[in-house]
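Below you'll find the structure, written out as structure tokens, and then a few comments.
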Amino acid sequence: MAGGRFDPYAILSALEREYVTYVLIGGLARVLRGSDELTHGLDLTPKLQPETLRRLETALQSIGARPERGGELSLESHDFTAEPVLALTSDHGEIKVVPTPAGTRGYEDLHRAASREYLGNRLRAEVSSPGDLVRMLWVLGRDVDARRIETMQRVVELDRGLGLEL
């Protein structure tokens with residue numbers, strides 16, 4: 001792993017210290033919702049306000065985050081239209097900043113169904129809903145995601161009270 005040992009608590013603590021407004025997406029969000037996959041990084045969708053992006057950049061700099069492709073970290077100058085995912089390495093693992101994940105309209109869209117989850121170590125994070133996690137995977141259309149989609153669809157069914165016969 002290019003970014004060192006994955007320590008989501010260190011990354012989330014940095015975001016918390018700076019009061020960053022975001023929703024967790026990707027592998028870590030799926031694990032928190034019940035998936036049995038392994039993940040080596042953290043993906044997030046920030047609220048796209050200048051103050052939030054400034055706070056996010058400060059938090060990321062505090063944990064040594066830097067673009068995988070090299071260069072300096074600057075959320076303000078990053079062109080998310082040309083490069084929709086900003087892939088970073090940090091002292092605590094991989095981080096992806098994804099303002100508009102596939103199949104969504106961004107933070108506001110994801111925030112409506114997300115919930116704030118207690119993760120231990122006095123940390124809470126806003127985590128995408130199982131349904132939104134399925135939607136993002138489905139739109140990506142990758143063969144590698146078939147099992148993840150199946151697992152998350154089961155979580156959606158359980159959330160809705162279907163399949164409680166287990």
Q: Hey, could you check the range 13-54 for residues that are among the polar types (S, T, N, Q) and not in a helix (DSSP H, G or I) and say which is farthest from Arg154 (Cα to Cα)?
A: Gln49
Q: Kindly check whether there is at least one residue in the range 55-68 that is among the hydroxyl-bearing types (Ser, Thr, Tyr), closer than 30 Å to Leu158 by Cβ and touching a residue at least 24 places away in the same chain (Cβ under 8 Å).
A: no
Q.
Under 9 Å between Cβ atoms, which residue pairs at least 6 apart in sequence (or on different chains) link something in the range 9-32 that is on the phi > 0 side of the Ramachandran plot and surrounded by fewer than 24 Cβ atoms within 10 Å (Cβ to Cβ) with a partner that is among the basic types (Lys, Arg) and modelled with pLDDT of 95 or more?
A. Tyr19/Arg55; Gly26/Lys96
Q: Please specify each residue of the range 34-45 satisfying the condition of being surrounded by 24 or more Cβ atoms within 10 Å (Cβ to Cβ) and either over 9 Å from the mean Cα position of the chain (by Cα) or more than 14 Å from Met136 (Cα to Cα) (or both).
A: Leu42
(Q) Conditions first: (1) over 30 Å from Leu158 (Cα atoms); (2) crowded, with 18+ Cβ neighbours inside 10 Å. Ala82 passes all but one, so which condition is the exception? (A) (2)
Q: Go over the candidates Met152, Met136 one by one and state the one that is in contact (Cβ under 8 Å) with a residue 24 or more places away in the chain, in a helix (DSSP H, G or I) and over 11 Å from Arg33 (Cβ atoms).
A: Met136
Q. Does Ser74 meet the test of being in a loop (DSSP other than H, G, I, E, B), crowded, with 19+ Cβ neighbours inside 10 Å and small (Gly, Ala, Ser)?
A. no
Q | Checklist (1) closer than 15 Å to Tyr22 by Cβ; (2) surrounded by 13 or more Cβ atoms within 10 Å (Cβ to Cβ) applied to Glu51, failing item | A | (2)
Q) Can you tell me which residue in the range 76-96 is farthest from Ala14 (Cα to Cα), limited to those that are among the hydrophobic types (A, V, I, L, M, F, W, C) and in contact with a helix residue (DSSP H, G or I) (Cβ under 7 Å, 6 or more places away or on another chain)? A) Leu88
Q.
Among the residues of the range 50-67, are any in contact with a helix residue (DSSP H, G or I) (Cβ under 6 Å, 6 or more places away or on another chain) and within 28 Å of Arg135 (Cα to Cα)?
A. no
**Q.** Residue list for the range 85-98, restricted to those being in a strand (DSSP E or B) and either without any contact (Cβ under 8 Å) to a residue 60 or more places away in the chain or surrounded by fewer than 16 Cβ atoms within 10 Å (Cβ to Cβ) (or both)
**A.** Leu86, Ala87, Val97
(Q) So, Gly103, is that one of a type outside the set (Asp, Glu), out of contact with any strand residue (DSSP E or B) (no Cβ under 8 Å at 6 or more places or on another chain) and under 26 Å from Leu140 (Cα atoms) or not? (A) yes
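The values are calculated or read from the model by the stated rules, or taken from the named source; none is laboratory data. Quick caveat, the model's predicted, so the values are computed rather than measured. We place every Cβ from the backbone using ideal geometry, glycine too, and count neighbours over all the protein chains shown.
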